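The values are calculated or read from the model by the stated rules, or taken from the named source; none is laboratory data. Treat the numbers as computed from the prediction; the structure is a model and nothing was measured. Quick reminder, even Gly has a Cβ in these numbers, built from the backbone with ideal geometry, and neighbours come from all protein chains shown.
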Amino acid sequence: MPRKKQTVEEYNQMNPEEFIKAVKLINKEKGIPEDTIFEAMELALATAYKKNFDSKTNVRVDINRTTGEIKVYSYYVVVPEIDEGDVTTDEEGNEVDVPPEINIDAQILLEDAREMVPDIEIGERIEKEITPKDFGRVATGTAKQVLTQKMREAEKNLIIEEFQDKQDEMLVGTLAMEDARNYYVELGHTRGILPKSEIIPGEELKMGASIRVYVTKVENNTKGPLILLSRKHFGFVKRLFESEIPELRDGTLVLHAVAREAGIRSKVAVESLDSRIDAIGSCIGEKGSRIGSILKELNGEKVDLITYSTDPAEFIQNALSPAKNVIVNIIDPMKKEALAIVDDDNLSLAIGKRHSNVKLAARLTGYKIEIKTLQQVNEEGNN
């Protein structure tokens, strides 16, 4: 019977040979350089030695990269005089940098060092092996901690690398679980957080279902990668259109702006760069097939397709759809203020329920829009 492949997590009682195998496995599966793991292990073991065997700070640990054998050394660095700072001088009075790890406990005077090693020079080390007999027990526990930590770091880095360019993009995931405030969406190597406040009002989500989500934030914090999602964001509508309308992807059509009140209405401004192609018709599709798919994803939210114009008055006039016969005067182009004049029959359409239509038109165009009837304008002119 073939032997089961051993995973990193199964290296529980780790002897030197198994530790080397684990390092190579992590290097292969996670892409972490072997030297990075060895160096982290050596530092961790030096700390473990000080905690369990001695309080000396002048120790170092060496791990044989081939056999996995571990040795602990105490060391002294030769100095011309004992110095507690980070700079000392040589015999000629020149400044010699003292590395941070060479504290007062790790220094030995040149004259004392030469009694042990006659030809030793300033800056060189005197080392002595002090590996405890039962150090393997400490090494096993430390190895597990270091390897686990490095795997977690690698997974975090992998996730951040994978998702760092996904902010403001739409992804497809699977609803995995929920709690009182959030849904959690499987996105391959990690889960994104979809707050319940960021779903489309009125929609019902089922666990295990495939779901489209818009990435609002990708952040690496102390607890690990944070990926925040939304279906309520106006960018969700923009990406939906781009996914369903080929002409938007190939550049024939341009989507200039989206204004949205999630669950109620969105306004989408599009323009055709080809005079032979109608922007609105392309977005609707044959028998409404394209816009139908978008509306289904938006849970029945209404969408107004607006023809973009570089003329602010015309753009505002279009943006106030479904109101018709709208006359727009640009009051102050610097302050972006405009007056829209409508007849009585179109007043309620231009304003919208709870002023929703004029608010969305203002967001879409970037103008502050005041709406008046022709009668109101005439009455004000006569006063």
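Could you tell me which of the residues Thr67, Thr47 is loosely packed, with under 14 Cβ neighbours inside 10 Å, polar (S, T, N, Q) and under 28 Å from Asn157 (Cβ atoms)? Outline the logic, then answer.
Numbers: Thr67 fails: under 28 Å from Asn157 (Cβ atoms).
Result: Thr47 is the single residue among Thr67, Thr47 that is loosely packed, with under 14 Cβ neighbours inside 10 Å, polar (S, T, N, Q) and under 28 Å from Asn157 (Cβ atoms).
Quick one: would you say Glu204 is in a helix (DSSP H, G or I), among the acidic types (Asp, Glu) and without any contact (Cβ under 8 Å) to a residue 60 or more places away in the chain? Before you say what the answer is, go through the steps one by one.
Working: in a helix (DSSP H, G or I): no; among the acidic types (Asp, Glu): yes; without any contact (Cβ under 8 Å) to a residue 60 or more places away in the chain: yes.
When the stated conditions are applied, Glu204 does not pass them.
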Can you find even one residue in segment 231-248 that is at pLDDT 95 or above, within 22 Å of Ala176 (Cβ to Cβ) and assigned to a strand (DSSP E or B)?
no
Condition test on Glu244, is it surrounded by 14 or more Cβ atoms within 10 Å (Cβ to Cβ) and under 26 Å from Tyr367 (Cβ atoms)?
no
Counting only residues that are closer than 11 Å to Tyr367 by Cα and touching a strand residue (DSSP E or B) at 6+ places or on another chain (Cβ under 9 Å), which one in segment 320-339 is surrounded by the most Cβ atoms within 10 Å (Cβ to Cβ)?
Ala338
Go through the residues of segment 310-321 one by one and say whether even a single one is aromatic (Phe, Trp, Tyr), modelled with pLDDT of 95 or more, within 24 Å of Asp274 (Cα to Cα) and part of a helix (DSSP H, G or I).
yes
May I ask you to list pairs of residues, at least six apart or on different chains, whose Cβ atoms are under 9 Å apart, with the first in segment 121-149 being assigned by TED's automatic domain parsing to the domain that holds Ile70 and touching a residue at least 12 places away in the same chain (Cβ under 8 Å) and the second being in a strand (DSSP E or B) and small (Gly, Ala, Ser)?
Glu127/Ser74; Lys128/Ser74; Glu129/Ser74; Ile130/Ser74
Ile277 being loosely packed, with under 14 Cβ neighbours inside 10 Å, touching a strand residue (DSSP E or B) at 6+ places or on another chain (Cβ under 8 Å), in contact (Cβ under 8 Å) with a residue 24 or more places away in the chain and not in a strand (DSSP E or B)
yes
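Here is a yes/no grid of residues against (1) modelled with pLDDT of 85 or more; (2) surrounded by 19 or more Cβ atoms within 10 Å (Cβ to Cβ); (3) within 28 Å of the chain's Cα centre (by Cα); (4) among the acidic types (Asp, Glu):
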residue: Pro2; (1), (2), (3), (4): no, no, no, no
residue: Gln6; (1), (2), (3), (4): no, no, no, no
residue: Glu9; (1), (2), (3), (4): no, no, yes, yes
residue: Glu17; (1), (2), (3), (4): no, no, no, yes
residue: Ile20; (1), (2), (3), (4): yes, yes, no, no
residue: Glu29; (1), (2), (3), (4): no, no, yes, yes
residue: Asp35; (1), (2), (3), (4): yes, no, yes, yes
residue: Phe38; (1), (2), (3), (4): yes, yes, no, no
Among residues belonging to segment 154-184 that are in a helix (DSSP H, G or I) and of a type in the set (A, V, I, L, M), point out the one that is surrounded by the fewest Cβ atoms within 10 Å (Cβ to Cβ).
Leu158
